[in-house]
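The values are calculated or read from the model by the stated rules, or taken from the named source; none is laboratory data. On a predicted model such as this, the values are computed, not experimentally measured, just so you know. Reconstructed Cβ throughout: ideal geometry from the backbone, glycine too, with neighbour counts over all protein chains shown.
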Amino acid sequence: MKRLITDGFLVVDKSSGMTSHDVVAIARRALGTKRVGHAGTLDPMATGVLVLGFGNGTRLLQYITDGEKEYEATVVLGSSTVTDDAAGQVVKVAAAEEIAEISDEQIHKELEKMVGVIQQRPSSVSAVKVAGERAYARIRAGEEFELPAREVRISSLTIGAIRRLEEFIEVDITVTCGAGTFIRAIARDCGQSLGVGGHLNALRRSRVATFGLDEAISLEALKSGAFHPLHIGEVAVKTFPIRTLTGDETRELSFGRAISPNTSDQITAAMEQDRLIALLSNEEDHARPIAVFAPHY
């Protein structure tokens, strides 16, 4: 189906058992373009919000990726895996008496420690690059290593339920966090702190920046073409402070020239009605375009 929108976005509810790149490949076929990318990788096990940009929309993805994210997850205490999630080989199982000694109060206390700006070590099988190669690829090649801890921000972490099963403890959590946070690492670190090991059993992303599940389309809708993409101007309005341009300013920006400074020090979307003309950043006494979307006049 031919699309009138050539530069825009789709919000997809990713299914379990497929990679983010799998979704991108389906979108390329549905949109009839190879120029498709996503904002923030979801593991194959995970489901939920995956923001896709196509055409010039791909130029905004980095700003959406940097936005805050929200997840619903289930942590299993009493078992560790090589991947820190249910997809990996089990490497440690705690004794039943060890698990029985853990109180709800201890679980709350350990998870509360993770709220704020913390140092977090990514999983060794994550997509983090090591010497230009994905960490998971090096692990699969037989290397053994641990990635260094790095600073991440967790704005909130709430516990929905604690279930005591025959051999494990399951903990449902909701996490709001900044870019680069690994929910698998939260499960792993909580289990390590309690001395019984831990891993992630389920993960669903409910929000990326301003994009939520309420506007996500199913994989079936993506495959069949039964969707209406978001225009790049709509997404700019949701993502950046807005500056409405005069005709002269639009003309200057279309040639990549600077204009008078923005009122905000943040990256600003310069708009002519509902059309995105450029992204602007203040530099000295001018607002300079860091990306231009309007054709030359």
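Some notes on this structure:
- Residue within region 156-172 that is outside the structural domain of G57 (by TED's automatic domain parsing), among the polar types (S, T, N, Q), surrounded by fewer than 15 Cβ atoms within 10 Å (Cβ to Cβ) and under 14 Å from M114 (Cβ atoms) present: yes
- Subset of region 87-116 that is among the hydrophobic types (A, V, I, L, M, F, W, C), at pLDDT 95 or above and part of a loop (DSSP other than H, G, I, E, B) - its residue that is surrounded by the most Cβ atoms within 10 Å (Cβ to Cβ): A94
- Among the residues of region 188-212, those identified as crowded, with 16+ Cβ neighbours inside 10 Å, at negative phi and within 18 Å of the chain's Cα centre (by Cα) are L200, A202, L203, R204, R205, S206, R207, V208, F211.
- Output for region 213-228, where each listed residue is part of a helix (DSSP H, G or I), over 14 Å from V36 (Cβ atoms) and touching a strand residue (DSSP E or B) at 6+ places or on another chain (Cβ under 8 Å): L213, E215, L219
Yes/no per residue for (1) touching a Lys or Arg at 6+ places or on another chain (Cβ under 9 Å); (2) part of a helix (DSSP H, G or I); (3) closer than 23 Å to T239 by Cβ:
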{"site": "G17", "(1), (2), (3)": "no, no, no"}
{"site": "V23", "(1), (2), (3)": "yes, yes, yes"}
{"site": "A27", "(1), (2), (3)": "no, yes, yes"}
{"site": "V51", "(1), (2), (3)": "no, no, yes"}
{"site": "S80", "(1), (2), (3)": "yes, no, no"}
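- Y71 of a type in the set (F, W, Y), touching a residue at least 24 places away in the same chain (Cβ under 8 Å), part of a helix (DSSP H, G or I) and within 30 Å of L276 (Cβ to Cβ): no
- Looking only at residues in region 117-148 that are at pLDDT below 75 and of a type in the set (D, E, K, R), the one that is nearest to G191 (Cα to Cα) is E146.
- Screening L222 on (1) loosely packed, with under 15 Cβ neighbours inside 10 Å; (2) at negative phi shows it passes everything except condition (1).
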